[in-house]
Amino acid sequence: MTYPDQKAPLPSPDVPIPLSENQPHRLASALGLGEGVGLSVLEFGHPHQAAQWQRYLSRATTSACLPPSLSQAAWQRQHEFIAGRCCAAHALQMAGLGHAISNEMLPIGADRLPQWPVGWTGSISHSRVGAIAVAATCSRWYALGVNRECLPGTSMASDIAAQIASAPEARLLASLSQSLSQPLPPLHQTSLLFSAKEALYKALFPLVRRFQDFHAAQVIALDDHLLRLRLTHSWSEEWPTGSEIDVAYVLYARQIYTLVQLARK
């Protein structure tokens with residue numbers, strides 16, 4: 001299902017992204033961004049363009065950019081949705097899609113997933129401080145999954161730890177972390193694993209259309225740039241039990257960014 005406003009343009013051609021000239025390049029390098037993959041990042045509080053973003057947001061929330069389901073949503077939810085769509089538009093441009101098409105707001109499609117242009121794939125993530133998106137052509141890339149998380153407080157990390165990892169998996173991650181050039185504290189380990197599994201789910205769900213919980217994959221390896229996950233049961237015929245997927249990650253400015261890139265074989 002799509003909404004009647006699926007062709008709604010973004011409020012202004014001067015979409016306020018990227019907010020930092022250096023950050024997208026740093027993230028692209030740190031995450032090992034693949035050939036032809038476009039990446040865009042938006043930070044709400046960037047000191048040089050926060051005012052520009054606020055002006056843009058005020059136009060967007062009063063335009064046809066919001067789908068009906070979000071017209072009465074909380075301001076923060078509208079804020080994050082538009083930021084994610086702005087990043088998606090810019091990521092499509094960075095990946096080579098024409099400006100006339102990529103400057104349109106992506107509609108919400110089946111299963112509430114972003115409806116990417118025909119022949120394109122991508123992923124969007126947003127948090128209370130910003131958004132990120134990646135996009136690429138389906139001819140090169142099978143699926144993409146991106147996630148960003150603010151580092152939570154200690155109590156929050158403790159609350160979610162048991163939900164995202166079994167006790168043996170948590171112990172293995174703690175052991176693997178000790179071999180890193182800078183071992184991760186427990187708080188960061190939990191946040192990293194949460195974000196990595198979210199990125200994996202975002203990449204695979206559009207392909208399998210089956211809900212999975214956090215225990216459907218487990219960490220088996222970790223180095224300074226990649227975390228490897230193994231599926232604990234079959235997600236589909238193409239993704240059976242034992243399939244292994246690498247998740248690139250970087251910790252940057254109190255944020256964790258994770259990325260899954262599945263290339264065409």
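List every residue pair whose Cβ atoms sit under 6 Å apart, with the two residues 6 or more apart in sequence or on different chains, where the first one lies in segment 66-91 and is under 25 Å from Thr121 (Cβ atoms) and the second, anywhere, is among the hydroxyl-bearing types (Ser, Thr, Tyr) and outside any loop (DSSP other than H, G, I, E, B).
So the pair list comes out as Cys87/Ser40; Ala89/Ser102; His90/Ser40; Ala91/Ser40.
Just one of the numbered conditions (1) at pLDDT below 85; (2) surrounded by 22 or more Cβ atoms within 10 Å (Cβ to Cβ); (3) of a type in the set (A, V, I, L, M, F, W, C) is not true of Leu70; which one?
So Leu70 meets the others, but not (2).
Could you grab me the full set of residues in segment 231-265 that are assigned to a loop (DSSP other than H, G, I, E, B) and among the aliphatic types (A, V, I, L, M)?
Passing the criteria: only Ala253.
Yes/no per residue for (1) surrounded by fewer than 20 Cβ atoms within 10 Å (Cβ to Cβ); (2) on the phi > 0 side of the Ramachandran plot; (3) of a type in the set (A, V, I, L, M):
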| residue | (1), (2), (3) |
| --- | --- |
| Pro107 | yes, no, no |
| Ser125 | no, no, no |
| Ala131 | no, no, yes |
| Val134 | no, no, yes |
| Ala165 | no, no, yes |
| Pro168 | yes, no, no |
| Leu187 | yes, no, yes |
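Would you list the helices (runs of 4 or more DSSP H) that sit entirely within segment 90-182 and hold 3 or more residues that are within 21 Å of Leu200 (Cα to Cα) and at pLDDT below 95?
Correct list: 154-164.
The values are calculated or read from the model by the stated rules, or taken from the named source; none is laboratory data. Everything quoted here is computed from the prediction, not taken from an experiment. So basically every Cβ, Gly included, is an ideal-geometry build from the backbone, and we count neighbours across all protein chains shown.
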